[in-house]
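Heads up: the structure comes next, in structure tokens.
The values are calculated or read from the model by the stated rules, or taken from the named source; none is laboratory data. Being a predicted model, the structure only gives us computed values, none of them experimental. Neighbour counts are summed over all protein chains in view; Cβ atoms, including those assigned to glycine, are modelled from backbone coordinates with ideal geometry. Heavy atoms of the whole protein, side chains included, go into the accessibility calculation; ligands, DNA and RNA do not. Shrake-Rupley method; radii C 1.70, N 1.55, O 1.52, S 1.80 Å.
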Amino acid sequence: ERGHGPYQPHEPGYGLDQPEYSPYDDQIPDPKARMLAIQNAKAYLLKTSTKSGLNLYDHLANVLTKILDEQPTNTVDIIENISKDVKWARFQKKMDTLRDEYEILSTFEDAEKCKALFIKGEENEEVIEEEIGQSPLPNVMETAFYFEQAGIGLSKDESYYIFLALKNLTSVQPIQTCRFWGKILGLEMNYIIAEVQLREGEEEEEAGEEVTEEEGKGMDEVEEQDEEKQKEDEPPKSTYKPPPDIPKEANGTGANKFVYFVCNEPGKPWVKLPPVTPAQIVCARKIKKFFTGRLHAPIVSFPPFPGNEANYLRAQIARISAGTQVSPTGFYQFPEEDDEEEARDTYEENPDFEPPSVAEMVDSLSTWAHHVKNILKQGRCVWINPQKSEEKNEDEDEEEEEEEEMGEQQEETGPPLLTLLSEDEGIKDIPAWTAQHSTNLIPQHSVAIIQSNRWPGAYAFASGRKFENIYFGWGHKYSPENYTPILPPPVQEEYPSGPAITEARDPTLEEELAFKAAQEALAAGEEEEEEEEAEEDD
């Protein structure tokens, strides 16, 4: 007969609901029946599902383990979700690897990159400072504090990372002065730029410019052999003479007065940019390219740029510095020297400088002045006649032609050093500069901030005798119109069209007969003249 309980004797769980058993009783009536019921229940829970291949016993054990490990609040309300998570984790694909896979957080990667910045060097910094006289390391945090009052600059963390990166740079390179120039943005990576002035005698010339005597002799021998081979079948040579190359300015002068180091992020190695040439500056004015963040990336443009992204970056730095590096009027002065021309090319700090008030520096642009030389259209700060720099190994006629060309060229002149900002030309209806207080709420404790409208991203502050320039931007000059690339020149004609080289039409039969008759008559007349001359001689 069927019992009154929920389980039959052959079903798992039979015996657990017997009326004679109570969990509060001290003794179990039939231990064998109890053990049999437990074994039957466990066997039932261990049955494998035909769909998922799981069993309820292991699933409940995993769910309870997860609950005890995590101990969530209101477990009874989320028990279904926990069960789903346990099933989902069981069916998640796992790679067959020997080591456990750990997820690397982005914060951990950033910390690893900046780890090298916090390692203290073994060298004694005091000895280095005594040799130099003063530390070349700039106070980046103080500069960031002043610019932060006007909402300009980077975060405090990034500013401190740059501070440490400049510290590492000054400890490795023979640097006399160092300054955080700014940050130029790129499509893939950015450029952090340090403006540096090396110690005297530490500047190295570019490799590959000079050729040794042995290499020169070998090159001459090879050229002589090639000329002998080409004498037999020598093609016609072009008479075109390209314009002479304008030499770059020497290191420490003009556009190459300072040396620039760049890196993509604080902690990465610093890379020294090459000196800039006039051809690069002239071409950079005609193109507009976004930086990628890779120094060796090619610059694809028209007109073609003579160099890669490192050269283009150096040219833009020179242009931005020449147009946006400013200081309070009177802070610098020309040295008192006998030669006025040389004195006008350099400046020194004025010990008797009395800073104007912040209100005066905001109200009038005449309280600011440029302290970096202007770059001429030639691509140099100091004009040079390219004809004089060439070797004079030509004929007299060619020398006369050169003299005529030299007479046509006029020397370029730009605004002198320490020119006031009030003399800068505006951009149509937009002024060249905009000056303002760092705050209008407390103007008596504000800082004078000036920004360039010609080079968006260039800023300068002044507070008493302290001032600084900085740049944050894409490295592009503002133009009111949309940028339009220069069109390529028209295709040159292969040869000038004229009667001497134009193919003539074929003559007709009548024209040929008339030409032959004229030739015969001409020949007969010449013979008669010769006979008459012979008779006269006899």
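Taking the Cβ of TRP455 as the center, what net charge do the other residues with Cβ under 15 Å away carry, scoring Lys and Arg +1 and Asp and Glu -1?
Working: positive: LYS183, ARG285, LYS288, ARG319, ARG454, LYS477; negative: ASP424, GLU425.
Neighbourhood net charge equals +4.
Please give the length that would be gained between THR239 and ASN308 if that part of the chain were fully extended, namely 0.36 nm times their separation in residues minus their C-alpha to C-alpha distance (nm, one decimal).
This chain segment gains 21.7 nm when fully extended.
Compute the accessible area per residue over region 273-336, keeping the other protein chains in place, probe 1.4 Å, unit Å².
Per residue, region 273-336 has an accessible area of 36 Å².
Taking the alpha-carbon centroid of each part, what is the distance from region 465-482 to region 417-449 in angstrom?
So the separation of the two Cα centres works out to 13 Å.
Taking 56 Å as R0, compute the FRET efficiency from the Cβ-Cβ separation of LYS286 and ASN350 and round it to 0.05.
Calculated transfer efficiency: 0.90.
At 0.36 nm per residue, and after removing the present C-alpha to C-alpha distance, how many nm does the segment from GLU511 to SER479 gain when stretched out fully?
4.7 nm
For a quick check of understanding: with a 1.4 angstrom probe and all protein chains in place, what accessible area in square angstrom does GLU493 have, to the nearest ten?
It works out to around 140 Å².
Calculate the spin-label point distance for GLU536 paired with GLU411, positioning each point 7 Å from the Cα along the beta-carbon direction, and give it in nanometres.
Using points 7 Å along Cα→Cβ, the separation is 6.8 nm.
What full-extension length gain, to one decimal in nm, is calculated for GLU360 and ASP30 as 0.36 nm per residue of separation minus the Cα-Cα distance?
Extending this stretch completely gives an extra 108.4 nm.
Highest mean first, what order results for 450-458, 481-489, 438-446 on Cβ atoms within 10 Å?
Details: 450-458: 19.6, 481-489: 7.9, 438-446: 12.3.
Ranked by mean Cβ neighbours within 10 Å, highest first: 450-458, 438-446, 481-489.
Considering amide H positions built from the backbone, and no H for Pro or chain starts, which residues 5 or more places from THR292, or on another chain, come under 5 Å of its amide H?
LEU187
Beta carbons within 10 angstrom, averaged per residue: use that to sort the peptides 60-70, 519-529, 470-480, highest first.
Order by mean packing, descending: 470-480, 60-70, 519-529.
Of all accessible surface on region 406-491 at a 1.4 Å probe, what whole percent is carbon and sulfur?
The value for region 406-491 is 53 percent carbon and sulfur by accessible area.
Based on the mean of other Cβ atoms within 10 Å per residue, sort peptides 253-263, 267-277 so the most packed one is first.
253-263, 267-277
Amide H to amide H under 5 Å from TRP181: which residues, 5+ apart in sequence or cross-chain, H placed 1.01 Å off N in plane?
Amide H neighbours of TRP181, under 5 Å, 5+ apart: ILE193, ALA194, GLU195.
I'd like the FRET efficiency for ARG199 and ILE104, computed as 1/(1 + (r/R0)^6) with the beta carbon distance as r and R0 of 35 Å, rounded to 0.05.
0.25
Let's test the formula: R0 of 41 Å, r as the Cβ-Cβ distance of THR65 and ASP157. What FRET efficiency results, to the nearest 0.05?
Result of the calculation: an efficiency of 0.50.
Kindly identify region 248-326 as rounded, prolate or oblate by the Cα gyration tensor criterion: order the square roots of the eigenvalues as a ≥ b ≥ c, call it rounded if a/c is under 1.5, otherwise compare a/b with b/c, prolate if a/b is larger, else oblate. Show your work: numbers first, answer last.
Values: a/c = 1.60, a/b = 1.03, b/c = 1.55.
In terms of gyration-tensor shape, oblate.
If I model a spin label at ASN81 and ASN385 as a point 7 Å from the Cα along the Cα→Cβ vector, what separation in nanometres do I get?
Once both label points are built, they end up 8.6 nm from each other.
Can you compute the modelled spin-label distance between VAL300 and ALA116, with each label point 7 Å from Cα toward Cβ, in nm?
3.2
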